[in-house]
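Comments concern the structure below.
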Amino acid sequence: MKEKIGELLEDVKSFHADNMDQLEAFRIKYLSKKGIIPALFADFRNVNSADRKEMGLLMNGLKNAVQEKIILLKNSFENTSEIKEKPDLTLPSSSPLGTRHPLSIVRNDIIDIFSRIGFNVSEGPEIEDDFHNFSALNFPPDHPARDMQDTFFIEKDPDIALRTHTSSVQVRVMQNSKPPIRTISPGRVFRNEAISARAHCIFHQVEGLYVDTDVSFADLKQTLFYFAKELFGENTKIRFRPSYFPFTEPSAEMDISCNICGGKGCNICKYTGWVEILGCGMVDPNVLESCGIDNNKYTGFAFGMGIERITMLKYQINDLRLFFENDMRFLEQFKSSN
Ligand code: DAH
């Protein structure tokens, strides 16, 4: 009997099953009521008392070996079947969908509105030379107007700077194409300003430019009126105030009726009923000439606006720094289809 148990133990140890059916047959062979182990325990009665202790240990050892083998093989089947199971790619995702940054939403809205009336999108470099950022735009050297914008110059080369406005892109477009030109240029701009609720050293602008024969201030007004109504709502009113920019003559700043109080007066519009949203004007003939466009034949208008400012007005955001902090509680509030 001792020998028989030894042989059975070897069999159990070397047993291998390829699937659950084979394992079940193994279990039945050893552990079912009519199986090997119960039969051995039944024979135990016939073992003489001197051998009982040793035989008992051997039999229990065999029973344990069978049970361990079953558990081991079962686990290995379960693990591999988990891997074999293919993931269901049609299940809806449990992770939340990302949202677009509010500045991107408004930039895309602005691009949409102007592309509907024939404006294309152009881009230029963020590191600019003096010519494109200043000189071609009619800022003479040492002209105090250069102080309107605090510039980050590249230390080793004072001719190179981070662009202070996207007006530099209109210079590049005029140099590289022939009228009619209708383009908007969204992009990042840089100014050496202290960071506060109303100012940042990095922000975003959209520049607009229209050059053709017979472009007039009336065209400028109608274009921007259409834009304001599309972005802020049908009842939006606009007004122009005279202003000064070196690159436009005449120049103006455009206000819209306050979109919060509808023009009645509130703390956003400082009880005036109006909020400023952009600068604009007729392209100065000197600028056309600097860019190689015949200023006897062509006229044009240009405008420029800060995307942060427009976004703050549209969503009633009162601190510009929120745009750059990437706080999920802020960002998650914005949803967009574009
Ligand atoms: N470049 C101006 C700025 O950054 C904005 C601007 C004003 C652009 C008038 C224009 C314009 O094209 O006509 O403050």
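The values are calculated or read from the model by the stated rules, or taken from the named source; none is laboratory data. Computed from a predicted structure; not experimentally measured. Cβ placement follows ideal geometry from the backbone for every residue including glycine, while neighbour counts extend to all protein chains displayed. Ligands, DNA and RNA are excluded from the accessible area calculation, which covers all protein heavy atoms including side chains. Shrake-Rupley method; radii C 1.70, N 1.55, O 1.52, S 1.80 Å.
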Legend entry - the range 86-140 - Rg over Rh from alpha carbon coordinates, Kirkwood radius: 1.30
Legend entry - Largest to smallest accessible area among Tyr30, Tyr298 [probe 1.4 Å]: Tyr298, Tyr30
Legend entry - Pairs of alpha carbons in the chain whose separation is greater than 29 Å (percent): 57
Inset, instruction - Provide, as a two-decimal number, the C-alpha radius of gyration of the range 129-242 over 2.2 N^0.38 Å, N being how many residues it has. - result: 1.23
Legend entry - Average projected area [Cα convex hull, the range 214-338], square nanometres: 9.9
Inset, instruction - Place a +1 charge on the Cβ of each Lys and Arg in the range 2-84 and a -1 charge on the Cβ of each Asp and Glu, then give the dipole magnitude about the Cα centre in debye, rounded to the nearest 20. - result: 360
Legend entry - Subset of Lys221/Lys314; Lys2/Lys33; Lys221/Lys264; Lys156/Lys297; Lys237/Lys297 violating a 30 Å alpha-carbon distance limit: Lys156/Lys297; Lys237/Lys297
Inset, instruction - Can you send over the carbon and sulfur percentage of the accessible area for the range 102-334, probe radius 1.4 Å, protein chains only? - result: 48
Legend entry - Projected area, mean over directions - the range 1-84, Cα convex hull, nm²: 5.6
Inset, instruction - Give the Debye-formula value of log10 I(q)/I(0) at each listed q (0.15, 0.18 Å⁻¹), with one equal scatterer per alpha carbon of the range 53-188, two decimals each. - result: -0.91, -1.10
Legend entry - Across the chain: Cys residues that no other cysteine approaches within a C-beta distance under 4.7 Å: Cys201, Cys280, Cys291
Inset, instruction - Arrange the residues Ile195, Ile260, Ile293 by how much accessible surface each exposes, largest first, with a 1.4 angstrom probe. - result: Ile195, Ile260, Ile293
Inset, instruction - Find the centroid of the Cα atoms in the range 273-338 and in the range 218-270, then give the distance between the two in whole Å. - result: 12
Inset, instruction - Kindly express, to the nearest 10 degrees and within the range 0 to 90, the angle between helix 2-14's C-alpha long axis and the longest C-alpha principal axis of the chain. - result: 20
Inset, instruction - Report the relative contact order of the range 131-275, percent, no decimals, based on alpha-carbon pairs under 8 angstrom and at least 6 residues apart. - result: 15
Legend entry - the range 2-84: relative contact order in percent, alpha carbon pairs under 8 Å with at least 6 residues between: 43
Legend entry - Solvent exposure, largest accessible area first (probe 1.4 Å, DNA, RNA and ligands not counted), of Thr299, Thr311, Thr272, Thr90: Thr90, Thr272, Thr299, Thr311
Inset, instruction - Give me D for the range 183-235 in µm² s⁻¹, whole number, from Stokes-Einstein with Rh from the Kirkwood sum over alpha-carbon pairs, 37 °C and 0.692 mPa s. - result: 239
Legend entry - Low-density loop cleavage sites - GluC sites (Glu not before Pro) in the range 112-145, where at most 15 other Cβ are within 10 Å (DSSP): Glu123, Glu126
Legend entry - Residue-wise HN-Hα coupling along the range 90-97, computed from phi with Karplus coefficients 6.51, -1.76, 1.60 (Hz; x: Gly, Pro): 8, 5, x, 5, 8, 7, x, 6
Inset, instruction - Name the most mobile residue of Gly265, Gly279, Gly306, meaning the one with the largest mean-square fluctuation, in a Gaussian network model of the chain with Cα contacts below 10 Å. - result: Gly265
Legend entry - Antiparallel bridge percentage (DSSP; both residues within the chain; nearest 5): 95
Legend entry - Relative contact order of the chain, defined on C-alpha pairs under 8 angstrom at six or more residues apart (%): 16
